[in-house]
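Visitor: Okay, handing you the structure first.
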Amino acid sequence: MKMDKWLLTLVFGLLTLGGCSARVVTVSPGPLIRVEGQPVSIRCDVKEYSGPREQDFEWMTSREASGTRTKIISTFDASYSHPSISKRVASGDISVVRLKDNEVELKIAEVKSQDAGLYWCQTPSTDSVISGNYEAQVQLIVIPNTLSVSPQTPPQEVPEGSEITLSCNVTRALTHPTYLSVSWSLKNGATTEEILTFGPQGDVVTGAKFARRYADGGIRLVPGRNGVFELVISRVTTSDGGTYECNGTEWTHENGGKWIKIVENAKEMGTVKVIPTGQSLSVKASSSSSPSSTSQLLSPGDTLTLLCSVTADNLQALALEVTWLAGERDIVTMERSGVVISNTSSSGAQGKRGEASLERTGAGEYRLGVKGVSAEEGGEYTCRVRAFIDKGGRSEGGGRRWHMASEKKSSPVTVKVSQIKPSYTVNLEPVLNPQMTAEPTELACHVTNITHLPLGGRLGVTWEHTTLPGIGDDPQTSHRIGSLDGNGNLLPGSMYSDRLKSGAMSLTRVQPNTFKLRILRTQEIDMGQYVCTVSAWSVSSQGDMVETTEYNSSPTTVRWDTKRPTLNVVAKRIREASVGGATFEMSCTVTTENLGEAGYSVLIQSQESLESNVRTIMTLSPDNVLQHGGATDPNRRDSLVLTKSGPAEFRFRLAGVQLSDRGYYWCDITAWTKQQPGQTWTKATSAESNKVRIDFQENGPSFSIAIQSDDTSVYPSKTAKMECSLSVSGSSPKTDDLAYEVRWFFTRLRGGQTTTQVASVDRFGIVKAEIRNSSSEISIERIDTHTYLMNIFGTQDGDSGEYYCVATPWYLSASTGAWTQAGELTSSRIFLTVQFAVWDSLQLPLLYGAAASLGVGLFSLVLGLVCAQCCCRNTTHTPRSRNKLMDLEMD
């Protein structure tokens, strides 16, 4: 029993293994339903085979399963086709296309009804063992082409905003289970866009451009009976114009679950032109009293009534926004929703409610009403209409989506409002008339005999100035100083803006009918003729102040005899610089005539001679800002001082004068004036002082040198000291401005000519000792500014001889500011004696002799003892008796 079960398992495994490697040939799942005259493709592939990768295929067909098979085509045998089919193969109507090494496709370009039947795909065996299936079959059903597409021609022209109905009848004879779909497309030039497709499963697919409109209800599909389908496009725009096409498609659903298009038929429905709203939109504005009139005459206080008529081919599909304009300013607007908005006035003030109204009186009829008009309401009135089309759906904000189709304006209607202008008289008189520069000026402009000034009316003023001939750049042009409008706002002129803002000049209304112009410090340029122009202002219906009329005064002349300011500057020497390094100081005193309060700028200038170039040393501005000129050495700026020592006096000081400072010095002073504090300075006049000279000769200091020693005789190994002292006479420099180079020389013989330099110290304090054949050492130290000490440590006999020092002074010249080398100085000579000490010289020899004698004596004693022991001893030893020994000891 167990053996049988084992054999059964083995057989099943072998069968399974063999089945996994068996050849499998498959074709397209069938039956295949195709339409006569349409192309047909049948695929065939082989798997689980052995042998070469590229497999060959053969196709055969038969009307019935048991009928005779007719050879169609082969991938490896060109003469494989049956004679009844060979012509179609040769013409390409029937062909086989290799898709992969193991897959091909049989293609029939135009299938015929006699092509219906069973089709076999065979693969010749390349397997080492025949296993599996080597052919597969599929049924091909060929049905007649009964698909019919009959579109209804749409209207050639439709107005923008209306709707288009595209009707299309798609039918076919139902002999086999096939399905239909219908689609619409729009062609504009070379571009075709899909609108909507219905079917074959009853689903709806929209084109990318029309998806939102379909979702918003702008495109609707209305299926009818007997194959009639209608596509309704509502709220059309100009982009919807073009050629429409209807496409009917017949489908089959194969066993593989795929939908296969077997035939389609497209028909052009017709060309539709969308007429833009702007072509038919018409806007007309007229007077309510006379619709044909384009002008209207009113009196102040009347009510203005104007009509706006709107016509369009698609008026019912349009939402209108109507606005009335006075000139370029919006008065009132009725929005699409019917809400009326009264817009702001030209001055920015909110218009009064009820003064301007707008209402709809009928389809496309709108009426404007303005109550209580004044002269300011006169002008041209225009009706502006914006036509919108509802695009359907909602915007991101939640509101409806609108498309502005067109905007148009009517021809203007001229409205005139008659009015009696105010009348008055303007007089200009001087209150303060200046007699000289910098005095105040005051002019008063009086308004009298005022009539017809409306209630709430006000007066404004404009001041103008014309300079006298010969004063200013353009004496013939009048310049506006500034004005006060009806609201009292100050509007300064461009030339006088700074003076008005700073308060140097003012425009005021001191009474309702009196205006004043004040100038605090009148300048020469202010002389000339002055005119005041008084304007009348009234309140418009929108609450704005509007100028109605203006009158000018007679010109008034402001002038005086001008006296030019003069300036006199005197320079005098305060401190004389007679030698280099001294301090020079001078003062400059200013006296003026015909000049009031002023500020001064000072330039300190100099020149080497009266013919040489002028150099600027220092400057001092009217605001006491000090600056150094280009001729100033940056290293000497601390030596220069320029101060204001009095209301009209300035002092200049130069410390540490040098030869390069010799020359002439003077002050160049300019007087400046101001209208008032905070304003910029204005130049009045300038003058130069007399010249003050700096002249001195350079006399440098005188130097002397001496050498001395406290002890000119020393013992050996002792220290010898020598001082080299220098002294200064004349103009003595400062300690930091003086240095010396000192050298020491030595000769062995008194008055000898052969000298040797033993040491030196330069002016920077660096000591240098020369190489000597002696065991003594030399050092140099500076005791004070003018004294140097040389030390000889451990003197020897070779250090005896004459010594002297040579010094070269260096000093910082106060005249030139540079280090100057004075003449070389040589001191007198002193003789240094190193004495010979007898006892000191004998101490060592005596010590050495005593030590040697002692050593020789000790050596002789030791040597005698050694010889006595070695040479006088008996060779035979005779022992003695103890008794003899004792006797001997007794003896």
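The values are calculated or read from the model by the stated rules, or taken from the named source; none is laboratory data. None of these values were measured; they are calculated from a predicted model. Don't worry about glycine lacking a Cβ; one is built from the backbone with ideal geometry, like all the others, and counts go over all protein chains shown. Surface accessibility is based on the protein's heavy atoms, side chains included, excluding ligands, DNA and RNA. Shrake-Rupley method; radii C 1.70, N 1.55, O 1.52, S 1.80 Å.
Visitor: Looking only at residues in region 580-614 that are charged (D, E, K, R) and under 20 Å from residue 628 (Cβ atoms), which one is modelled with the highest pLDDT?
Guide: Going through the qualifying residues, I end up with 585.
Visitor: Let me ask another. Let me confirm something: among 690, 699, 773, which residue is loosely packed, with under 13 Cβ neighbours inside 10 Å and at pLDDT 90 or above?
Guide: Within the list 690, 699, 773, the selection yields 690.
Visitor: Please enumerate the residues belonging to region 836-850 that are modelled with pLDDT of 80 or more and not aliphatic (A, V, I, L, M).
Guide: Passing the criteria: 848, 849.
Visitor: Look through 406, 483, 410, 418 and report the one residue that is touching a helix residue (DSSP H, G or I) at 6+ places or on another chain (Cβ under 6 Å) and either open to solvent by less than 60 Å² (accessible area, probe 1.4 Å) or assigned by the TED database to the domain that holds residue 596 (or both).
Guide: Going through 406, 483, 410, 418 in turn, the sole match is 406.
Visitor: Of a type in the set (A, V, I, L, M, F, W, C), free of Cβ contacts under 8 Å to residues at least 60 places away in the same chain, surrounded by 15 or more Cβ atoms within 10 Å (Cβ to Cβ) and closer than 30 Å to residue 502 by Cα: does that describe residue 595?
Guide: Considered against the rule, which asks whether it is of a type in the set (A, V, I, L, M, F, W, C), free of Cβ contacts under 8 Å to residues at least 60 places away in the same chain, surrounded by 15 or more Cβ atoms within 10 Å (Cβ to Cβ) and closer than 30 Å to residue 502 by Cα, residue 595 comes out as no.
Visitor: Go through the residues of region 519-527 one by one and say whether even a single one is assigned to a helix (DSSP H, G or I), touching a residue at least 24 places away in the same chain (Cβ under 8 Å) and either of a type in the set (Ser, Thr, Tyr) or open to solvent by less than 60 Å² (accessible area, probe 1.4 Å) (or both).
Guide: yes
Visitor: Please verify whether region 667-674 includes one or more residues that are at pLDDT 90 or above and under 30 Å from residue 796 (Cα atoms).
Guide: No, every residue in region 667-674 fails to be at pLDDT 90 or above and under 30 Å from residue 796 (Cα atoms).
Visitor: Where in region 284-337 are there strands (runs of 3 or more DSSP E), lying wholly inside it, with at least 2 residues that are among the hydroxyl-bearing types (Ser, Thr, Tyr) and under 56 Å from the mean Cα position of the chain (by Cα)?
Guide: 304-311
Visitor: Against the conditions (1) assigned to a strand (DSSP E or B); (2) of a type outside the set (A, V, I, L, M, F, W, C); (3) more than 54 Å from the chain's Cα centre (by Cα), where does residue 561 fall short? Just the number, please.
Guide: It fails just one condition, (1).
Visitor: Does residue 806 qualify as being in contact (Cβ under 8 Å) with a residue 24 or more places away in the chain, under 23 Å from residue 822 (Cα atoms) and either in the same structural domain as residue 822 (by the TED database) or open to solvent by less than 20 Å² (accessible area, probe 1.4 Å) (or both)?
Guide: It is true that residue 806 is in contact (Cβ under 8 Å) with a residue 24 or more places away in the chain, under 23 Å from residue 822 (Cα atoms) and either in the same structural domain as residue 822 (by the TED database) or open to solvent by less than 20 Å² (accessible area, probe 1.4 Å) (or both).
Visitor: How about region 172-191: which of its residues are in a loop (DSSP other than H, G, I, E, B) and buried (at least 17 other Cβ atoms within 10 Å of the Cβ)?
Guide: Hit for region 172-191 is 172, nothing else.
Visitor: Moving to a separate point now. If you take the residues in region 165-216 that are of a type in the set (Val, Ile, Thr) and in contact with a Gly (Cβ under 7 Å, 6 or more places away or on another chain), which one is nearest to residue 391 (Cα to Cα)?
Guide: Selected residue: 195.
Visitor: If you don't mind, another one. Might you check whether a residue that is farther than 30 Å from residue 378 by Cα and outside any strand (DSSP E or B) occurs anywhere in region 549-557?
Guide: Yes, there is a match, as at least one residue in region 549-557 is farther than 30 Å from residue 378 by Cα and outside any strand (DSSP E or B).
Visitor: Looking only at strands (runs of 3 or more DSSP E) that lie completely in region 76-145, which have at least 1 residues being among the small types (Gly, Ala, Ser)?
Guide: Answer list for region 76-145: 94-100, 117-122, 135-143.
Visitor: Kindly indicate whether any position in region 432-451 is closer than 27 Å to residue 536 by Cα and either assigned by the TED database to the domain that holds residue 292 or part of a loop (DSSP other than H, G, I, E, B) (or both).
Guide: no
Table: residues versus (1) in the same structural domain as residue 217 (by the TED database); (2) open to solvent by 60 Å² or more (accessible area, probe 1.4 Å).
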site: 107; (1), (2): no, yes
site: 127; (1), (2): no, no
site: 163; (1), (2): yes, yes
site: 170; (1), (2): yes, no
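Visitor: Still on this structure: Return the only residue of 48, 105 being of a type in the set (Asp, Glu) and modelled with pLDDT of 90 or more.
Guide: 105
Visitor: If you scan region 488-518, which residues turn out to be in a helix (DSSP H, G or I) and not polar (S, T, N, Q)?
Guide: Hits for region 488-518 are 498, 499, 500, 501.
Visitor: All but one of (1) touching a His at 6+ places or on another chain (Cβ under 6 Å); (2) in a loop (DSSP other than H, G, I, E, B) hold for residue 578; which doesn't?
Guide: (1)
Visitor: Failed condition for residue 562, given (1) surrounded by fewer than 17 Cβ atoms within 10 Å (Cβ to Cβ); (2) at pLDDT 90 or above; (3) under 30 Å from residue 446 (Cβ atoms), with all others met?
Guide: (2)
Visitor: What number of residues in region 301-335 are modelled with pLDDT of 85 or more and either more than 24 Å from residue 411 (Cβ to Cβ) or among the small types (Gly, Ala, Ser) (or both)?
Guide: The total comes to 5.
Visitor: Could you please give the count of residues in region 339-357 that are open to solvent by less than 70 Å² (accessible area, probe 1.4 Å) and either polar (S, T, N, Q) or modelled with pLDDT under 85 (or both)?
Guide: 10
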